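Input: a single structure, listed below in structure tokens.
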Amino acid sequence: MKIKDIGEFGFIDRIKSGCLIREKDVIKAIGDDCCVFRNSGRLVSLLTTDMLVENVHFLRDTIPPFKLGRKAMAVNFSDIAAMGGTPKEAVISIAIPDTIDMEYLDSLYDGMRAIAREFDVNILGGNTTSEPEHLVINIALIGEETEDQVLYRSGAKVGDIIFLTGQVGSSAAGLDILLHKRPIDTFTALIDAHLDPHPQIAEGRIIAGSKLAHSLIDISDGVASDLGHICDESKVGAFINEDKIPVNDIFLKYLEKYNLDFERLALHVGEDYILLGTAPESSQEALGKALKAKGCQFFVIGKISSEPGIKLIGRNGQTRQIRISGFDHFRREEQ
């Protein structure tokens, strides 16, 4: 059997048994955006790590090094946001092929430092090594939060509303432009959404601080896949409304111009790095007001149900089950 036979998440399930050696003070181990453990103060620590591999997560000739540095940090910040926490300390490991010059690396680290300053995060160290062909960037990040405000994937309850804190699909469309080498025309914003995502730390803190939400995750693999993680961990299902999925006009114009599928790009590709969560229907108004008062977005797209799977209510009123799919790092395709 090869790893491609079980996929990324099958591999995670396979290896997680026996990894927790000392259970004391560990609140959450493998199975969420961050692990969570208690420290000596009133806060709990959040630890996450993400690896970006050339030709898997990025194409070196399609992203400037400054933006690659920002994005490498941003995807980790987004994991902390998905738990409602605040990012604090980062360490960076990088494998460098000898085809890369120092000017490229200087710009890469300038991007990392720029977004670290933006979010008041220390870069405390890391490791460097050589690699024959591909650039590899791995960042580990520690954040913090009070224990009673940490949000998990496993808290969704039947009857909860499902909400998003921003529009989706733009990053997927930007990636489509780059992969197919399409003319940029008026679609620069779509490419920017893919190359330079903004982690929603503020939104995560507002949601956690309100204590109104039951679960939270960030959109990295796609709405369908990431909502699927919440459903799996919470042992529930979901209905989402196609006409409630928030997208912008530029995204729709791009779909129309190239006759592309709305569902695939809006729900199954990902890398939007906004937040998706669930909350009691009775909290919808208060949570929406709390976010909008700080200039944040809030869109209700569906409800949690007791029926397994994710069902899409189409614009025509018909309901059908959709694939719980997104990018899998070992199957290398949207499933």
### Task
Give the residue that is surrounded by the fewest Cβ atoms within 10 Å (Cβ to Cβ), with candidates limited to residues of segment 50-93 that are touching a Ser or Thr at 6+ places or on another chain (Cβ under 9 Å) and polar (S, T, N, Q).
S93
### Query
Of all residues in segment 69-101, how many are of a type in the set (A, V, I, L, M, F, W, C), in a helix (DSSP H, G or I) and touching a helix residue (DSSP H, G or I) at 6+ places or on another chain (Cβ under 9 Å)?
6
## Note on the structure
When every residue in segment 105-150 that is of a type in the set (D, E) and in a loop (DSSP other than H, G, I, E, B) is compared, the one nearest to I207 (Cα to Cα) is D120
### Task
For K289, indicate whether it is over 20 Å from F9 (Cβ atoms), among the basic types (K, R) and at pLDDT 95 or above.
yes
### Message
Tell me the residue from F298, F262, F251, F239 that is crowded, with 23+ Cβ neighbours inside 10 Å and not assigned by TED's automatic domain parsing to the domain that holds D33, please.
### Response
F251
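Per-residue answers, yes or no, for (1) under 20 Å from the mean Cα position of the chain (by Cα); (2) of a type in the set (D, E, K, R):
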| position | (1), (2) |
| --- | --- |
| R60 | no, yes |
| I63 | yes, no |
| A72 | yes, no |
| D79 | yes, yes |
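Mind counting the residues in segment 233-284 that are of a type outside the set (G, A, S), farther than 28 Å from I191 by Cβ and touching a residue at least 24 places away in the same chain (Cβ under 8 Å)?
Residues meeting the conditions: 8.
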### Task
Can you give me the ranges of the helices (runs of 4 or more DSSP H) entirely in segment 217-335 with at least 3 residues that are over 30 Å from R182 (Cβ atoms) and not hydrophobic (A, V, I, L, M, F, W, C)?
223-234, 284-292
### Query
Does segment 173-195 contain any residue that is part of a loop (DSSP other than H, G, I, E, B), surrounded by fewer than 21 Cβ atoms within 10 Å (Cβ to Cβ) and in contact with a strand residue (DSSP E or B) (Cβ under 9 Å, 6 or more places away or on another chain)?
no
### Task
For segment 166-196, enumerate the residues that are over 23 Å from the mean Cα position of the chain (by Cα) and among the β-branched types (V, I, T).
I184, T186
### Message
R113 - would you say it is crowded, with 17+ Cβ neighbours inside 10 Å, under 28 Å from V44 (Cα atoms) and among the charged types (D, E, K, R)?
### Response
no
### Query
In segment 310-325, is there at least one residue being at pLDDT below 95, more than 15 Å from A208 (Cα to Cα) and within 18 Å of the chain's Cα centre (by Cα)?
yes
### Query
Which of the residues belonging to segment 129-146 are under 17 Å from T49 (Cα atoms) and small (G, A, S)?
A140, G143
### Message
surrounded by 21 or more Cβ atoms within 10 Å (Cβ to Cβ) and closer than 24 Å to R320 by Cα: is that true of V223 in this structure?
### Response
yes
### Residue tally, condition of a type in the set (G, A, S), under 18 Å from D110 (Cβ atoms) and at pLDDT 95 or above, over segment 70-96
2
### Query
Do we have I161 as within 30 Å of E307 (Cα to Cα) and surrounded by fewer than 24 Cβ atoms within 10 Å (Cβ to Cβ) here?
yes
### Task
Specify the residue that is surrounded by the most Cβ atoms within 10 Å (Cβ to Cβ); the eligible residues are those in segment 204-220 that are of a type outside the set (A, V, I, L, M, F, W, C) and closer than 25 Å to L175 by Cα.
D218
### Query
Could you say whether any residue in segment 45-68 is at pLDDT 90 or above, under 18 Å from L141 (Cβ atoms) and part of a helix (DSSP H, G or I)?
yes
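The values are calculated or read from the model by the stated rules, or taken from the named source; none is laboratory data. Please read these numbers as outputs of a predicted model, since none were measured by experiment. Glycine gets a Cβ as well: all are built from the backbone with ideal geometry, and neighbour counts include every protein chain shown.
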